[in-house]
Amino acid sequence: MSAAQGGRIPATLIPGDGIGPEVTQATVQVLDALGAPFEWETQTAGMAAVDATGDPLPAAVLDSIRKNKLALKGPLTTPVGGGFRSVNVRLREEFKLYANLRPAKTIIPGRYENIDIVLVRENIEGLYVAHEYFVPVGADPRAVAVSTGVNTREGCRRIARFAFDYAVKNGRKKVTIVHKANVLKALTGIFLEAAREVAQEYAGRVEVDDRIVDACAMQLVLNPWQFDMLLCTNLFGDILSDQLAGLIGGLGMAPGANIGDQAAIFEAVHGSAPDIAGKGVANPVSLMLAAGMMLDHVGRQDLAARLRSAIQTTLLEDNVRTRDLGGKASTAEFTAALIKRL
Ligand code: NAD
């Protein structure tokens with residue numbers, strides 16, 4: 001039986017690190033109240049898994065996602081500089097989740113109003129392949145650092161096709177290709193070239209233009225309304241999606257989906273926020289909106305729409321907001337108010 005007919009859908013749940021367990025618990029409560037069809041299989045990854053098993057990405061987590069092809073994930077902490085490789089990056093590579101979809105839409109008008117931009121980020125190539133090494137010179141073993149980025153024509157075409165297909169299906173008008181092909185002529189030149197080729201297949205249906213990433217960053221501050229969809233390489237997409245979050249009230253409001261042909265993992269754009277972890281003040285809206293994208297993904301647009309509408313009413317009419325949005329509500333208080341609205 002399909003989800004639309006009321007069947008249960010097995011899905012992996014990774015609470016994550018830092019504020020992860022707090023926002024995940026809040027999101028699961030809301031999904032339960034909504035009558036969402038997910039049958040959760042809870043798995044531990046990240047620092048929590050290192051503490052429990054010594055491995056940040058235990059085989060059980062991979063097996064569970066391989067089986068369910070669907071996961072909701074809290075943020076996972078990655079050590080800076082040294083230490084283990086990012087579990088987020090490993091998950092994206094393992095399941096070939098080549099598309100990172102990060103919509104940014106104003107709910108609470110603030111410094112900017114009426115922002116509605118969808119960023120599509122290539123998720124497994126570019127500088128994130130992190131082929132890195134140091135070259136020793138004299139007594140300094142780390143005198144020179146080298147990093148190699150890899151973009152393939154196939155990978156660039158695949159993500160461009162994802163973006164243009166998304167545009168067609170969701171009634172978006174224009175895709176802006178973001179690159180640095182004036183300097184990184186090979187690495188981001190191939191991205192621009194492949195994306196322009198794919199764009200031709202959508203001529204007359206979706207407009208296309210392009211921007212050099214630095215100019216794009218500035219224009220996002222001056223006049224973000226000129227943008228509809230941004231199509232970015234991995235690193236640029238990571239940076240610009242945080243900037244987009246800044247236009248709509250911060251990281252507490254920004255959801256994301258990692259999508260491949262075999263599996264999809266939904267998460268917030270934000271990280272584990274160690275500065276506020278354990279205090280019960282984190283804004284769960286990003287992960288809740290990610291859960292909304294997950295409902296869309298499984299064909300339950302009806303529930304997704306109800307969830308988004310209740311979030312909006314709670315924030316705008318009830319004026320219940322967490323601290324990052326200038327409010328006083330705790331994570332639990334916001335969640336309770338939202339459930340009332342469902
Ligand atoms: P962060 O996103 O965790 O936090 C940045 C700032 O935003 C902090 O001040 C934090 O308190 C605030 N913030 C973030 N989410 C919030 C929320 N829901 N409600 C209220 N405030 C919120 O970024 P960071 O501090 O650079 O990274 C912390 C860790 O998270 C690092 O180990 C990083 O590698 C990891 N990280 C993981 C993911 C992921 O799992 N996908 C994404 C980004 C960063």
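Where a number appears in this text, it was derived from the coordinates with a stated rule and is not lab data. Everything quoted here is computed from the prediction, not taken from an experiment. For neighbour counting, all protein chains shown are included, and Cβ atoms are generated from backbone atoms with ideal geometry for every residue, glycine included.
Taking the charge dipole of the range 115-257 about its Cα centre, with +1 at Lys and Arg Cβ atoms and -1 at Asp and Glu Cβ atoms, the residue from Val206, Ala186, Cys216 reaching farthest to the positive side is Val206. Rounded to the nearest 20, the Cβ-based charge dipole of the range 208-342 about its Cα centre (Lys and Arg +1, Asp and Glu -1) stands at 660 debye. Which shape class, rounded, prolate or oblate, goes with the range 232-333 when its Cα gyration tensor gives a ≥ b ≥ c as root eigenvalues, a/c under 1.5 marks rounded, and past that a/b bigger than b/c marks prolate? Oblate is the answer for the range 232-333, as a/c is 1.5 or above yet b/c matches or exceeds a/b.
When only alpha carbons are used to place a centre, the range 193-266 and the range 279-313 end up 21 Å from one another.
Evaluating kT/(6 pi eta Rh) at 4 °C and 1.567 mPa s, with the Kirkwood radius of the range 1-76 over Cα pairs in the Stokes-Einstein relation, gives 100 µm² s⁻¹. Of the trypsin sites (Lys or Arg not before Pro) found in the range 267-342, those in coil by DSSP whose Cβ has at most 15 other Cβ atoms within 10 Å are Lys279, Lys328. Using the Kirkwood radius over C-alpha pairs as Rh, can you work out the diffusion coefficient of the range 49-185 via Stokes-Einstein at 37 °C, viscosity 0.692 mPa s, in µm² per second? For these conditions, the coefficient is 178 µm²/s. Other residues within the sphere of radius under 11 Å centred on the Cβ of Leu235, judged by their own Cβ, net out at -1 (K and R +1, D and E -1). So what is the 222 nm mean residue ellipticity for the chain from helices alone, if each DSSP H run of at least 4 adds -39500 (n - 2.57) and you divide by all residues, rounding to the nearest 500 deg cm²/dmol? The per-residue figure over the chain is -12000 deg cm²/dmol.
Using the Cα coordinates of the chain, the gyration tensor eigenvalues translate into equivalent-ellipsoid semi-axes of 31, 26, 21 Å, sorted from longest to shortest.
Per-residue extension of 0.36 nm, minus the Cα-Cα distance of Thr313 and Ala143, leaves a gain of 55.7 nm for this segment.
Around the Cα centre of the chain, unit charges on the Cβ atoms of Lys, Arg, Asp and Glu (plus for the first two, minus for the last two) sum to a dipole of about 520 debye. Spin-label model, Val150/Lys174: points 7 Å from Cα along the beta carbon direction are separated by 3.6 nm. What's the lysine pair count for the chain at a Cα cut-off below 17 Å, pairs eight or more apart or interchain? Lysine pairs satisfying the spacing and distance rule in the chain number 6. Applying both filters, DSSP loop and at most 11 other Cβ atoms within 10 Å, to the trypsin sites (Lys or Arg not before Pro) of the range 89-179 gives Arg111, Lys173. Projecting the Cα positions of Ala52, Ile65, Asn170 onto the charge dipole of the range 46-170 (unit charges on Cβ atoms of Lys, Arg, Asp and Glu, taken about the Cα centre) puts Asn170 furthest along the positive direction.
Taking Ala215, Ala268, Ala36 in turn, the Gaussian network model of the chain (Cα-Cα springs below 10 Å) assigns the largest fluctuation to Ala215. Considering only Ala59, Ala160, Ala104, the Gaussian network model of the chain with Cα springs below 10 Å gives its largest mean-square fluctuation to Ala59. Under conditions of 4 °C and 1.567 mPa s, the range 107-191 yields 81 µm² s⁻¹ as its translational diffusion coefficient, taking Rh as the Kirkwood radius over Cα pairs in the Stokes-Einstein equation.
What does the charge dipole of the range 202-256 about its Cα centre add up to, to the nearest 20 debye, if the Cβ of each Lys and Arg holds +1 and the Cβ of each Asp and Glu holds -1? Once rounded to the nearest 20, the dipole reads 100 debye.
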